[in-house]
Amino acid sequence: MNYDLIIFDCDGTLADSEIAHNTVLMRQLHDLGLTEYTLEKCMETYMGRAVTDIVESVETNHSVRFPDHHWTKNQAVFKEILPDHIRMDDTTTPFVQKLHNEGVKIAVGSNGTRDNVIETIRAAGLKEFFPDDFIFTFEDVKNPKPSPDLYLHVCEAMHVAPRHAVVIEDTVAGAMAGIAAGIDTIGYVGLTHRENQAQRLKDIGCKQIIQSMSELGDIFYKEKDVA
């Protein structure tokens, strides 16, 4: 193994729950009178951003206010619709299980809320591989992605230097965070909703671009296999 720690983003990487997330957001925005936000517009505008950033952007740009505890109230809706919308790369579970069985350190670093991230990982059938202590979100740091804070925090908590870790990311903001943290960052486009996302990730400096989690095996074990 070429790395001591593998950090996976959650939404769009380990599993795709973006349609569920953005369906909830769309309903919230419609309740605020912002009916121009279709599901597609929500995903194009806010996908990959922390909820705090979304709230600030909406309230500033549209002169509206979200109701108190709005995200907590919508948690039940997210849990209800998630099973019908979650997507996965068929190679993800076998690869994560292989890493787990070999004792490789793996963690999650997400811009999602902690409750939503845990629910997504559970719905994807991956919770046994990611104990709560190995799941990190923007709520753990001052600044969400694209700031490097979250990924630096994950490395510190997992006792691994950034130069010995690798980040797997599907969004530009997330990849920027990994690169800014001085961590090798691999762009993943197997579940992307955006055209030309591979080129976007390449342009900002991702080490490699992959379309399937199975490709990580060739990257992580290449030197070992050659030896």
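The values are calculated or read from the model by the stated rules, or taken from the named source; none is laboratory data. Since the model is a prediction, treat every value here as computed from it, not as a measurement. When we count neighbours, we look across all protein chains shown, and the Cβ atoms used for this are built from the backbone with ideal geometry, even at glycine.
In summary, helices (runs of 4 or more DSSP H) completely within the range 115-203 and bearing 1 or more residues that are surrounded by 22 or more Cβ atoms within 10 Å (Cβ to Cβ) and not hydrophobic (A, V, I, L, M, F, W, C) occur at 149-157, 172-180.
PRO67 meets each of the listed conditions (1) under 28 Å from SER147 (Cα atoms); (2) surrounded by 13 or more Cβ atoms within 10 Å (Cβ to Cβ) apart from (2). Is there a residue in the range 204-223 that is within 18 Å of SER17 (Cα to Cα), in contact with a strand residue (DSSP E or B) (Cβ under 6 Å, 6 or more places away or on another chain) and touching a residue at least 40 places away in the same chain (Cβ under 8 Å)? Checked the range 204-223: no residue is within 18 Å of SER17 (Cα to Cα), in contact with a strand residue (DSSP E or B) (Cβ under 6 Å, 6 or more places away or on another chain) and touching a residue at least 40 places away in the same chain (Cβ under 8 Å).
The set of residues from the range 25-53 being among the β-branched types (Val, Ile, Thr) and surrounded by 20 or more Cβ atoms within 10 Å (Cβ to Cβ) comprises just one member, VAL51. For the range 23-33, the criterion of being assigned to a loop (DSSP other than H, G, I, E, B) and not assigned by TED's automatic domain parsing to the domain that holds VAL108 is met by at least one residue.
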